[in-house]
Amino acid sequence: MFAIVTNVLDVDETGQVTNYADAEYRAAQWIRRACDGTRSNGSPPGGKATRVLAG
């Protein structure tokens with residue numbers, strides 16, 4: 001789970017994390033899918049946090 005959170009984190013030029021809630025949400029999605037095979041909101045794999053990284 002630590003790898004998921006840190007992979008999704010976005011840090012600004014001053015070293016402040018700007019999207020911790022998104023990273024935490026993405027890790028929770030992964031844990032839920034690993035435990036029961038479902039997604040918490042029916043979104044496609046990657047969800048909100050991945051869109052933040054792609055942008």
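The values are calculated or read from the model by the stated rules, or taken from the named source; none is laboratory data. As the structure is a prediction and not an experimental result, all values here were calculated from the model. Don't worry about glycine lacking a Cβ; one is built from the backbone with ideal geometry, like all the others, and counts go over all protein chains shown.
Condition first: part of a helix (DSSP H, G or I), surrounded by 13 or more Cβ atoms within 10 Å (Cβ to Cβ), modelled with pLDDT of 90 or more and of a type in the set (S, T, Y). Can you find one or more residues in region 17-27 that meet it? Yes, some residue in region 17-27 is part of a helix (DSSP H, G or I), surrounded by 13 or more Cβ atoms within 10 Å (Cβ to Cβ), modelled with pLDDT of 90 or more and of a type in the set (S, T, Y). Given the criteria small (G, A, S) and modelled with pLDDT under 85, does G37 qualify? Taking the combined requirement at face value, the residue satisfies it.
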